[in-house]
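Comments concern the structure below.
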Amino acid sequence: MAPITYDMEITSSIPAAKMFKAFVLDGDTLIPKVVPQAIKSVEILQGDGGAGTIKLTTFGEGSKHKCVKHKVDALDKENFTYSYSIIEGDALDGFESISYHIKIVASPDGGSICKNRSIYCPKGDNKITEEEIKSGKEKASSIFKAVEAYILAHPDC
């Protein structure tokens, strides 16, 4: 079956550099702190955080998935882009691969726009439903908005 790609954009009042730092560069510690019900922990298993790094993400109570290993495919701190692929874990059930491409750009009002592309390559005839896509977008958006709220409440972070 052909890859399934979906894009989403989330706007923020936080400038792009600050949002990229919080969401991507400090995300391994900040996201579990801000939304432990979604992400319990992120641990670097190999590497220094840049391209080629292998991480283990453990999800919070009630999550559909328990944990995944993912590989950082690219990290560009100057252009605020980050790409990673799931390489192991129950999220891969029914999929050959899953990858994510994040780019945070400045918006005209001084804030930012997080552009996220998700690519799912199913095994055989496996399909992803519109409901699953909508649910994934809602979860990603809620995590992003929680990080944004944290930054607004803690401007020195």
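The values are calculated or read from the model by the stated rules, or taken from the named source; none is laboratory data. Keep in mind it's a predicted model, so treat the numbers as computed, not measured. Virtual Cβ from ideal backbone geometry, glycine too; neighbours counted across all protein chains shown. Side chains are part of the model used for accessible areas, which takes the heavy atoms of the whole protein and leaves out ligands, DNA and RNA. Shrake-Rupley method; radii C 1.70, N 1.55, O 1.52, S 1.80 Å.
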**Prompt:** Which residues, counting only those in the range 108-143, are in contact with a strand residue (DSSP E or B) (Cβ under 8 Å, 6 or more places away or on another chain), over 17 Å from Tyr6 (Cα atoms) and not basic (Lys, Arg)?
**Reply:** Gly111, Ser112, Ile143
**Selection within the range 30-49 - open to solvent by less than 40 Å² (accessible area, probe 1.4 Å) and either outside any loop (DSSP other than H, G, I, E, B) or modelled with pLDDT under 95 (or both)** = Leu30, Ile31, Pro32, Val34, Ala38, Ile39, Val42, Gly49
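Of all residues being in contact (Cβ under 8 Å) with a residue 40 or more places away in the chain and buried (at least 18 other Cβ atoms within 10 Å of the Cβ) in the range 76-101, which is farthest from Ala51 (Cα to Cα)? Just the residue, please.
Quick first cut of the range 76-101, residues in contact (Cβ under 8 Å) with a residue 40 or more places away in the chain only: 77, 80, 82.
Now drop any that are not buried (at least 18 other Cβ atoms within 10 Å of the Cβ), which leaves 80, 82.
Numbers: Phe80: 14, Tyr82: 9 Å.
Looking at the filtered set, the residue picked out is Phe80.
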**Message:** Any residue at all in the range 2-10 that's at pLDDT 95 or above, more than 17 Å from Gly136 (Cα to Cα), part of a loop (DSSP other than H, G, I, E, B) and out of contact with any His (no Cβ under 9 Å at 6 or more places or on another chain)?
**Reply:** no
**Request:** Filter the range 102-126 down to the residues that are open to solvent by 70 Å² or more (accessible area, probe 1.4 Å) and either in contact with a helix residue (DSSP H, G or I) (Cβ under 6 Å, 6 or more places away or on another chain) or among the charged types (D, E, K, R) (or both), then identify the one that is nearest to Pro15 (Cα to Cα).
**Result:** Ala106
**Request:** Could you please give the count of residues in the range 87-140 that are outside any loop (DSSP other than H, G, I, E, B) and at positive phi?
**Result:** 1
**Prompt:** Does Asp73 satisfy the condition of being assigned to a loop (DSSP other than H, G, I, E, B), in contact (Cβ under 8 Å) with a residue 12 or more places away in the chain and not hydroxyl-bearing (Ser, Thr, Tyr)?
**Reply:** no
